[in-house]
Structure formats: C-alpha cells, structure tokens
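**Q** Let me begin by handing over the structure; questions about it come next.
The values are calculated or read from the model by the stated rules, or taken from the named source; none is laboratory data. The shown structure was predicted, so the numbers you read here are calculated from the model rather than taken from an experiment. As a convention, Cβ positions derive from the backbone with ideal geometry for all residues, glycine included, and neighbour counts pool all protein chains shown. When the accessible area is computed, the model is the full protein with side chains, heavy atoms only, and any ligands, DNA or RNA have been set aside. Shrake-Rupley method; radii C 1.70, N 1.55, O 1.52, S 1.80 Å.
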Amino acid sequence: MCMRNNWSAKVFIPWVMGGGLFLLSLIALRMGCKNMQGGGMNAPERDMAASNASLENIFNIESIFDKPNVYPLVIVGSGPAGLTAAIYGAREKLQPLIFRGGEPGGLLMKTTDVTNWPGEKVIIGRDLIERLNEQVEAVGVEWRDDSVVSIDVSEWPYAIQTDSDEEGQRVVYALTIVIATGASSLKLGVPGEDKYWGSGVTTCAICDASLKSNLSKTAVVVGGGDSAIEEAMQSAAHQKQVTVLVRKDRLRAAASMQQQAKKISNIDFKFNVEVKEVLGGMVQRDIDGTSIPSLQMTGVRLYNNKTGEESIFPAQMLFLAIGHIPNTEFVKDILELDSAGYIKLQPGSQETSVKGIFAAGEVSDHRYRQAITSAGYGAAAGLDAVAFLQKVGFNSDVSQKLERLKKESR
Ligand code: NDP
C-alpha cells in the first residue's frame, strides 16, 4: 500500500487534481500569511514549497517498501523518446527499467537515411537506435521485451501489468512512469486491405521491398507526406516502377525530399486519386521449388476525385504511408487524451493528467514528430520524473533500501 488509503482510480485521479488544488490553496494561503508576517519567501520558492508539501502528503515514500518489484522509473517504449528518458534516469541512478514492447526501436527501425539528427550527416535509422541501445546498456538500464497491458493508478507505487511469460515478472511497481509508445501507421480501411495484408499490402518498404520474391513487381505508395516519399525511394531501388498515389493535387512532403524523389527515374506521381479497393486473387507461388497456391494483390481500384472516374491500376505491392495513430490504447482509461487519442500534457512539462506519469515523443506530439524532438521530449520527461521523485522524498537512502529489499527477495 502506499497511498494513505486503498482508493479506486475513480476517486484517486479527481482527488489528486481537485484535492491537490485544495491543498495548494490552503498552503498558498498559509504562505501568504507567513509573507504578511515577514516570512520572506518569494513566489517561486512558495510555489516549490507548496508543491513539495502537497506531493509528500499524497505520496507516502515509506509505503514503497511494502511491494515487490519496485522500480523508481519505468519507461514504456524504446524509440528515441524512451531511450533518452532512460539515459537521463540512469544519470540520476534511478536504475530505469524499459519495456521495449513488440516493435523495439519504434518507427526509426523502418527508416533508411536520417539526415536531420544533429552531429550525423547521415545515419541509418536502425543504426541510430543501435547506438542509443549501446549507450543505454552502458549506463546500466534494464530492459524487457514485454509489452505493458495496463497500469493501475488506484494505488502508488503504480502497478504495471505486462504480458510476460514469467508469472513472477507479470506485475512490476513503478514510482514514476514515462510513456513513450509512439504511434503506429494508419490503414486505409478499404475492402481488400486486410485480405492482402502481407500478400502485397504493407506499411514498410524497407522491410518488404527488397525481398527476392518482390524484385520484379510494380508498387504503389499511398500518401503525400515525408513517409510516402521515403517509402517510394526505398521501393524504387528494388521495384520496376513505383507510383505515388496522392489524394490532393499536391504533395505535403518537405521540398528537399520531393526534389530527391523526382530525380529517380522509376518513381512517378498520380494526383487527385483515392484507393477504393485492393484487388487480387490466388496465384501459384514457387517456394523452394514447389508451386504453392497463395494470395497475391494484383492492383487497386482508383477513384479520381477531380473527374469522378474510376480505374484499375495494376500493382503487386502497396505501401501505406498515410500517417499514424498514437499507441495509447492501454492508457486510455487512466490518462487524459485529446480527440485524436494523443496523451494530453500539462502546459510546459511532460506531465500527464496523473501525477508521477509522464509522456514523451509521438505518443503525445502530433506536431513535430521528429526523432530529435522525440529524444528532446524524452530528456524532459526523464528530468520531470527525477524532479517528482525528489519532491516525494526519494533519495539515496531510499534507493539503497529499495535495492537491498529487491536483492533479498530474489
Ligand atoms: P503526414 O501526416 O505528414 O502525411 C500523411 C499523408 O497521407 C498526407 O499526404 C495525407 O494527405 C495522406 N493521407 C492521409 N489519409 C489518407 C487517406 N485515407 N488516403 C490517402 N492519403 C491519405 O504523415 P507522414 O507519416 O508522412 O509524416 C509524419 C511526420 O513524420 C511528419 O512530421 C514528417 O515530417 C515526419 N517524417 C520525417 C521523415 C524524415 O525526416 N526523414 C521521414 C518520415 C516522416 P493530405 O495531405 O491530403 O492530408
């Protein structure tokens, strides 16, 4: 146990927000009186004192010793945001634990040349993640390849439920959490898309375009942003012809990326077209010398939104690059989200609507969405977690006791 009582989330969250405000008002009033009597605190000092007092009242540091598997900082997600938060946590000796999830490294693992990471003229996305992993490992961060299923915020330390195969590892307790689960590629939602998923339809040219069985195929890319251009360029190195299907009369991608793509002879563009259906059927596929019937997409049905005409466009591969959806399903009942499902942050911080839980990267940012901004937000979230821990009374004595108890229980 760790909150004063074993409250339910329904009571706890509003209490933290509403009750916290009430406490703050009381403390602010007290401070105000002190000042009138010549207490001499300036406004920032008063805010800090008020904030410290309220957090210590709400979060009972002594209670953390009652639980097994307690970590001062748990990070969910292993892209640039999560890894950077871990580096900042490790600097403060918080021995962070990262849950890397089903797709360790996040979207950068699917990116080829990254040309906007400061200090590197050009670096492959996968290599960048590899270097960050090495750095994280060197500073003693622990990681697990499990996914987080849910977080129980009715008590503090917060209970994190994972999909671990090991029963004893399924629940860990966290004093602070950084959510850095990023965003996943959106789908079109048209007939045939699911049927031919993996049989031509994919979101990752870098993963699929260069497969030997795909080299002689023609491809379409749907989208008009940077991702679409990237997918087209990656695919053009392997496919005979690549056509980018754009629903507007112009691209949204950065001018420099457009220029690069337009120089590649086997990339062309079709504007004002929308994919209405993915077409295909059974084909005989040669697998290790044996002819096996398998599903294969053969084209797309297009609608021209300027002329109203429909047409069939033959293609054996379709790369989707139409944007992303934040991976917030597992926190949707505990954190405040915006209308698009991104985690809402308190102004000027990485703090979410629940104290001690922070967010960083594309899971809470649909404006910048760059590897470097995600890393920056990760650093900020790590620092915010450190500040929170200091405010609730976490110090080196507490840390050592926690470690000792953890070792004894193993
Ligand atoms: P964007 O949101 O920028 O672009 C999505 C594109 O898909 C738009 O052209 C949009 O059209 C189109 N689209 C959306 N829904 C549909 C639909 N149902 N049918 C057809 N087209 C559709 O997403 P990106 O993934 O391209 O980029 C996300 C962020 O990541 C950006 O900030 C980008 O700069 C960044 N990025 C950077 C890279 C780099 O620097 N190397 C590489 C890749 C991404 P419309 O324009 O009509 O809305």
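**Q** When both residues are 6+ apart or on different chains and their Cβ atoms are under 8 Å apart, which pairs have a first residue that lies in region 398-409 and is open to solvent by less than 20 Å² (accessible area, probe 1.4 Å) and aliphatic (A, V, I, L, M), and a second that is at pLDDT 85 or above and not in a helix (DSSP H, G or I)?
**A** Short answer, once both residue conditions are applied: L402/V70; L402/P72.
**Q** Which residues, counting only those in region 105-139, are small (G, A, S) and modelled with pLDDT of 90 or more?
**A** Within region 105-139, G119, A138 meet the criteria.
**Q** Restricting to region 271-322, give me the number of residues that are part of a strand (DSSP E or B), within 16 Å of the ligand (Cβ to nearest atom) and either surrounded by 14 or more Cβ atoms within 10 Å (Cβ to Cβ) or in contact (Cβ under 8 Å) with a residue 40 or more places away in the chain (or both).
**A** Final tally of qualifying residues: 15.
**Q** Please go through region 104-139 and pick out each residue that is at negative phi, not hydrophobic (A, V, I, L, M, F, W, C) and not in a helix (DSSP H, G or I).
**A** P104, T111, T112, D113, T115, N116, P118, E120, K121
**Q** Give G361, G356, G348, G341 a once-over and let me know the one that is in contact with a Ser or Thr (Cβ under 7 Å, 6 or more places away or on another chain) and surrounded by fewer than 20 Cβ atoms within 10 Å (Cβ to Cβ).
**A** Answer to the check: G341.
**Q** Looking only at region 107-134, how many residues end up being in contact (Cβ under 8 Å) with a residue 60 or more places away in the chain and either open to solvent by 50 Å² or more (accessible area, probe 1.4 Å) or over 16 Å from G376 (Cα atoms) (or both)?
**A** The qualifying residues number 8.
**Q** I would also like to ask the following. How many of the residues in region 60-93 are part of a loop (DSSP other than H, G, I, E, B) and of a type in the set (S, T, Y)?
**A** Summing the residues that are part of a loop (DSSP other than H, G, I, E, B) and of a type in the set (S, T, Y) in region 60-93 gives 1.
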